[in-house]
Amino acid sequence: MSAVASSARATPAIGWRDVALAVAPLVLALVVAAIVLAVAGHNPLEVYWLLLKESFGGVKRIAATVSASTPLILTGLATAVAFRSGVFNVGVEGCVLVGGLAAAFVGFTYVGLPATLLLPLALGAAALAGTLWMLVPAVLKARLDVDEVVTTLMLNFIAVSLTAWLVNGPLLAPGSANSATPMVVEAARLPRLMPPSTLNAGFLIAIALLGLYWLWGRGTALGLETRLAGLNPRFAIASGINVPMLIIKMMLLSGAIGGLAGGIQALGTVNRFVVGFSPGYGFTGIAVALLGRGSAIGILLAALLFGALATSGATIQLFSDVPIEIVNILQGTVMIFAVARFGWLLKNRQGGK
Amino acid sequence: MSMAEFTPDTTIRLGAHSVTRRFGALVANDGITFRARRGTIHAIVGGNGAGKSTLMRILQGMDRPDEGVVLVNGMPSVFFGPADAFKQGIGMVHQEFMLVPGLTLLENLVLAQEPLDGLRRIDRRKALEAARKLEREAGVTLDWDMPVDDAPVHVRQIVEILRLLYRGADVLILDEPTAVLAPAQVQELIVLLRKLRSEGRTILFISHKLDEVMALADEITVIRSGKVIGGMATANTTKAALAEMMIGEILSRPNARPSTVGRTVLEIRGLAATDARRVLRLKELDLDVRAGEIVGIAGVAGNGQDELIAAVTGLGRVERGAVRLDGQDVTKLSLRARRELGLSYLSPDRAAEGLCLSAPISENLIAGRHRSPALCKGGVLQKGAIKRHVETLLDRFSVKRASAALPISSLSGGNQQRVAMARELDGSPKLLLACQPTRGVDIRGIAFIHQCLLDYREAGGAVLVISEELDELIALSDRIVVLYDGRVTGEVPRGSAKVEELGRMMLGETRQEIAA
């Protein structure tokens with residue numbers, strides 16, 4: 001799991017080398033996608049310009065991009081928290097789903113409560129659902145060393161089926177033909193920051209959590225323990241750090257943030273839970289964490305990038321003959337290059353005594 | 001420099017001419033020139049951080065000099081990678097062996113150049129034939145069907161060497177080849193390398209262990225701070241002269257003043273423990289370590305040392321018996337709880353367990369103590385206090401560093417060990433379990449670490465030293481306890497221990513038998 005190690009690396013100062021390593025995947029992905037575009041008969045520069053305009057050209061487009069990146073900041077953060085402790089949690093997607101459903105359930109069930117109570121309650125329910133969802137893989141990993149990649153990946157499928165069953169049965173909106181819950185009441189909705197854009201207060205929550213993550217990683221005992229456990233668990237154990245307990249804590253925290261991502265999406269954007277609620281926010285979150293190399297600012301930038309691709313991809317086919325698949329290919333190439341390690345690029349000038 | 005300076009000379013099999021290699025401000029190799037003659041054993045000797053490893057990397061094609069050239073058969077050569085060097089017959093045995101787990105010794109031997117049969121399967125008969133031929137050349141016999149994972153470390157090393165021969169190398173570069181070997185195995189390796197020399201092969205090895213250098217090398221090049229200090233035939237020098245060239249001064253021997261022995265700090269009773277494969281390795285062990293004394297454990301590797309470490313630290317399983325730390329039964333406690341009760345643990349495996357190589361020096365130094373009230377308030381690390389604490393400790397243990405924020409992998413092995421030592425002696429522990437405290441450390445570092453242990457003992461600390469270096473045990477220990485087959489088979493007080501006698505006790509003889 002070399003990618004985990006690279007994202008957990010502890011370098012105090014940011015040099016040109018780090019910047020190069022962070023930007024290289026993006027540049028290479030753009031080059032590869034340009035070739036695909038050219039072969040398909042499009043002018044790559046024109047398409048890229050259009051993408052840029054659709055995602056950052058004007059206040060409305062920027063609001064749409066930021067709104068689209070909000071869940072990705074949170075899922076990227078959820079993944080990065082687990083990465084730091086050396087755990088490759090690929091189950092954030094499942095947390096998003098159970099968190100989204102839990103928030104929606106609170107939002108359309110306890111309709112009598114005022115917003116000051118209902119909103120925190122609903123978000124708390126989302127975080128709690130995500131936490132509980134990670135409990136089994138966390139304990140299995142920490143106590144029995146069961147591979148978390150397998151358990152968390154499998155739990156995703158269970159989450160998809162479980163939430164689908166619930167919204168088609170017990171929680172189906174009365175009289176609805178769609179697989180969706182009733183809408184949440186107004187009091188349970190996150191305030192919109194720039195109507196009619198879907199940009200909402202969830203973005204502020206995401207930014208606040210990023211800030212906390214940054215402080216936590218730099219200056220707390222727990223942050224230090226997590227980093228050391230991620231870099232070298234044997235060393236951490238020999239130093240007297242309770243690594244199994246740390247792994248449980250970090251996986252549960254990862255689950256809580258993942259659940260919150262779903263809750264914010266349910267209460268801020270969708271206002272209910274529907275089947276197909278997440279277009280893979282949890283999985284994109286893995287790419288966000290890797291591309292951002294686990295740092296707070298990196299996660300923010302990577303989430304904005306994928307958010308931009310999502311918004312511009314949705315509108316680009318309205319204004320050009322570029323099919324959405326091309327944008328998906330671009331997104332996929334960025335992900336592939338984000339996951340690959342680029343250390344070899346600079347290896348020759350490194351190290352030695 | 002013009003090519004005219006060089007003439008082809010097949011007697012100079014491998015060498016360096018004015019090789020300089022810089023890493024930023026650090027000059028790792030500064031105009032190094034030496035020549036290893038064909039059919040000889042040539043030693044490159046130097047302390048930690050002298051530039052030996054950099055030179056070896058250059059000779060083997062893993063790195064290129066900024067100035068100067070590598071000489072092959074007397075002529076300048078440029079290698080763009082280890083494969084280039086290999087084409088010239090130059091192969092290297094690294095400190096970390098590069099065998100593939102899960103394969104047998106034979107499969108590892110022929111890996112990448114397997115003799116194939118008509119169906120493109122490995123032709124076992126031909127492979128075995130090649131293996132037997134190499135065995136004769138090297139004067140060894142191996143069980144070739146053994147999986148690598150079951151092979152003891154010295155057998156793995158032999159396979160590494162034979163693999164290079166199999167693939168056609170006639171120059172072998174060995175990086176501290178004896179660092180992982182027990183004394184008896186070192187002798188076997190020396191015999192093997194002499195045999196290869198007599199077959200006309202050239203051997204270049206780097207080491208800081210002068211006994212072996214004197215025993216093995218025909219010629220010696222001493223380097224210090226990246227420069228060649230001297231080159232000579234082994235016959236024309238002495239161990240003392242080499243030591244002085246290596247470190248540039250004469251070291252005073254660590255001084256073990258008498259100390260007063262106090263209460264029992266570590267008490268082990270009837271201890272039995274198994275290894276990871278559930279084989280009983282410790283059988284009925286009793287051991288006491290008191291305040292103000294150093295107890296050394298001598299034994300051939302695999303006689304229960306690992307299980308003793310695991311039982312004292314709490315990192316392994318205990319079948320029967322009790323471990324008491326300062327009067328308190330800790331048999332079932334975790335290492336964390338034991339550390340809180342005053343245990344310190346200097347790991348035998350610095351790279352994998354003792355330190356976190358990719359983390360900064362400062363974090364390595366405070367790990368485990370980072371939650372102490374002086375360094376951490378309400379879960380928040382106190383940056384200023386930590387910085388002062390770190391700098392004080394690094395100065396006290398004379399750790400040479402550019403900045404405490406750099407990864408600890410930027411330090412030489414000796415300085416890394418000083419950091420580990422500084423951490424473990426910080427916070428006045430009651431018992432220090434020091435395992436292989438000077439492994440991979442040069443003479444100067446050894447003297448320093450020994451003095452640290454002796455000072456700690458004098459201040460009333462209790463030390464349990466587990467080491468494969470008998471000289472070290474003799475220099476440090478107030479009592480040496482010999483471990484054989486999971487039991488204590490003898491105990492020798494300070495002043496009366498001799499290497500030869502200990503060596504026989506380590507093979508199972510009792511002291512009375514030796515005396516008789």
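The values are calculated or read from the model by the stated rules, or taken from the named source; none is laboratory data. Since this is a predicted model, take the numbers as computed values, not measurements. Neighbour counts are summed over all protein chains in view; Cβ atoms, including those assigned to glycine, are modelled from backbone coordinates with ideal geometry. All accessible areas refer to the heavy atoms of the entire protein, side chains included, with ligands and DNA or RNA removed. Shrake-Rupley method; radii C 1.70, N 1.55, O 1.52, S 1.80 Å.
The alpha carbon centroids of region B:15-37 and region B:109-160 are separated by 36 Å.
Highest GNM mean-square fluctuation among A:103, A:206, A:29, for chain A modelled with Cα contacts below 10 Å: A:29.
For region B:128-271, a simple Cβ point-charge model (Lys and Arg +1, Asp and Glu -1, everything else neutral) yields a dipole of about 480 debye relative to the Cα centre.
Interface A-B: total buried accessible area of about 2600 Å², 1.4 Å probe, protein heavy atoms only.
Extension gain, residue A:38 to residue A:234, is 65.5 nm, computed as 0.36 nm per intervening residue step minus the present C-alpha separation.
Less than 5 angstrom separates the built amide H of residue B:224 from those of B:229, all sequence-distant by 5 or more or on a different chain.
The fraction of accessible area contributed by carbon and sulfur in region A:45-324 is 73 percent, rounded to a whole number (1.4 Å probe; ligands and nucleic acids excluded). Tally the DSSP beta bridges in region B:264-515 and give the antiparallel ones as a percent, rounded to 5. Among the beta bridges of region B:264-515, antiparallel pairing accounts for roughly 60 percent.
Can you compute the helix-only [θ] at 222 nm over chain B? Use -39500 (n - 2.57) per DSSP H run of at least 4 residues, normalise by all residues, nearest 500 deg cm²/dmol. Intermediate values should be presented prior to the final figure.
Working: 17 runs with 165 residues, N = 516.
Roughly -9500 deg cm²/dmol at 222 nm, from the helical runs in chain B.
What the Cα atoms of chain A give is an Rg and a Dmax of 20.6, 73 Å. Compared with the dominant Cα axis of chain B, that is its longest principal axis, helix B:183-198 is turned about 10°.
What number comes out for the charge environment of residue A:114, summing +1 per Lys or Arg and -1 per Asp or Glu over other residues with Cβ under 15 Å away? Result for the local shell: 0. At the listed q of 0.18, 0.22 Å⁻¹, the Debye profile of region B:326-466, built from one uniform point per Cα, gives log10 I(q)/I(0) equal to -1.08, -1.53. Overall shape: prolate for the protein assembly as shown, with the ratio a/c of the largest to smallest alpha carbon gyration tensor axis at 1.5 or above and a/b above b/c. Note on the protein assembly as shown: antiparallel DSSP beta bridges, both residues inside, total approximately 60 percent of the bridges counted. A straight Cα-to-Cα reach below 16 Å connects residue B:227 with the lysines A:353, B:52, residues fewer than 8 places away in its own chain not being considered.
Taking the DSSP beta bridges with both ends in chain B, the antiparallel portion is around 55 percent. The value of relative contact order for chain B, using C-alpha pairs under 8 Å at least six residues apart, is 15 percent.
Relative contact order for region B:439-516: what is it in percent, counting Cα pairs under 8 Å that are at least 6 residues apart? Relative contact order of region B:439-516: 19 percent.
In terms of distances greater than 24 angstrom between alpha carbons, the cross-link table entries A:141/B:383; B:209/B:400; B:332/B:430; B:332/B:383; A:141/B:332; B:283/B:498 yield A:141/B:383; B:332/B:383; B:283/B:498.
Residue B:195: which lysines have alpha carbons under 19 Å from its alpha carbon, excluding same-chain residues fewer than 8 sequence positions away? Answer for residue B:195, where 19 Å is the Cα cut-off: B:133, listed by chain and number. For residue B:345, the residues 5 or more places off, or on other chains, whose built amide H falls under 5 Å of its own are B:433.
Please state the shape class of region B:104-211: rounded when a/c is under 1.5, otherwise prolate if a/b exceeds b/c and oblate if not, all from the C-alpha gyration tensor.
Working: a/c = 2.24, a/b = 1.70, b/c = 1.32.
Prolate, because a/c is 1.5 or more and a/b exceeds b/c.
Using only side-chain charges placed at the Cβ, +1 for Lys and Arg and -1 for Asp and Glu, the dipole size of the protein assembly as shown relative to its Cα centre rounds to 1520 debye. In a fully extended conformation the segment linking residue B:38 and residue B:513 would gain 166.3 nm over its present Cα-Cα distance, using 0.36 nm per residue.
Here the dipole of chain A is about 960 debye; that uses its Cα centre as origin and unit charges on the Cβ of Lys and Arg (positive) and Asp and Glu (negative). Would you mind pulling out the separation of the Cα centroids of region B:191-216 and region A:23-86, in Å? About 59 Å separates the Cα centre of region B:191-216 from the one of region A:23-86.
Each Cα pair under 8 Å and six or more residues apart adds its separation to the average, and for chain A the resulting relative contact order is 34 percent.
The angle between the Cα long axis of helix B:413-425 and the main principal axis of chain B comes to about 10°, on a 0 to 90 degree scale. A helix-only calculation puts chain A at -23500 deg cm²/dmol for mean residue ellipticity at 222 nm, using -39500 (n - 2.57) for each DSSP H run of at least four residues, averaged over all residues.
Quick check: the distance between the Cα centres of region B:337-380 and region A:300-333, to the nearest angstrom? Computed from Cα coordinates, the inter-centre distance equals 47 Å. Once each of the GluC sites (Glu not before Pro) sitting in a DSSP loop with at most 10 other beta-carbon atoms within 10 Å is removed, chain B keeps B:250-516 as its longest stretch.
These residues, A:70, B:33, go from largest to smallest accessible area, 1.4 Å probe, as B:33, A:70. Taking amide H as placed 1.01 Å from N in the peptide plane, the amide H of residue B:298 sits under 5 Å from that of B:481, B:482, B:483, each at least 5 places away or on another chain.
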